[in-house]
1. For segment 72-85, take each phi angle, set θ = phi - 60°, evaluate the Karplus expression 6.51 cos²θ - 1.76 cosθ + 1.60, and give the result in whole Hz per residue in order, putting x for glycine and proline.
2. Exposure proxy check: Val69, Val94, Val84, Val120 ranked by fewest other beta carbons within 10 Å?
3. Just the Cα atoms of segment 38-131, one point each, no solvent: what log10 I(q)/I(0) does Debye give at q = 0.11, 0.25 Å⁻¹?
4. Can you list the residues, at least 5 places off or on another chain, whose amide H is less than 5 Å from the amide H of Ile45, using H built in the peptide plane?
5. Order the peptides 32-45, 52-65 from the highest to the lowest mean number of other Cβ atoms within 10 Å of their residues.
6. Which value, in debye to the nearest 20, describes the size of the charge dipole of segment 25-128 about its Cα centre when Lys and Arg Cβ atoms bear +1, Asp and Glu Cβ atoms bear -1, and nothing else is charged?
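Since every read-out is calculated from the coordinates, none of them should be taken as a lab result. None of these values were measured; they are calculated from a predicted model. Every residue, glycine as well, gets a Cβ built from its backbone with ideal geometry; the counts of neighbours run over all protein chains shown.
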Amino acid sequence: MIVSSFLRANFFAGVLLLICLAPVRADDRVVAYYLDFGISRMTGIPEAQIASYACEYRVERARIDELIVRAPPAVPSSYEGRDVRAMFRIGERVMYVDSSGAARLGSKYFQMRKSDVTEVFRSGMLVKCEH
């Protein structure tokens, strides 16, 4: 009984360790750019220029997927493409988030909580920030 409990506990600990130490695949990380929502700007940043003004991060793909799944749909008019604060490169697709938390992924629109978007970046890895 004691031996089987010991083996069972060590087996689960070993499996957990293997899961934690598994290498991160390239597609598990997303290149992302972020300019804090709290920074006040006189002019907005258009989609095409966000990478030039924002800090570059690597964030977990699963966190982005969670953001998308949890966000309710929004109407296209709620999104302001000339006032972007975040950009995520998800494979071949790009998702932008404006200063109000409205997001565009291709032709789909979502309303994200700004605090959720900020948390994704806090948990990510800062790569470059020269601003």
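1. After applying 6.51 cos²θ - 1.76 cosθ + 1.60, I find x, x, 10, 8, x, 5, 7, 8, 10, x, 9, 9, 8, 10 Hz.
2. Numbers: Val69 8, Val94 15, Val84 26, Val120 22.
If I rank by nearby Cβ atoms, fewest first, I get Val69, Val94, Val120, Val84.
3. Once normalised to I(0) and log-transformed, intensities are -0.28, -1.61.
4. Close amide H contacts, sequence-distant or interchain: Asp83, Val84.
5. On the way: 32-45: 14.8, 52-65: 16.6.
Descending mean neighbour count gives 52-65, 32-45.
6. Working: 17 positive and 14 negative charges, 13 e Å.
Once rounded to the nearest 20, the dipole reads 60 debye.
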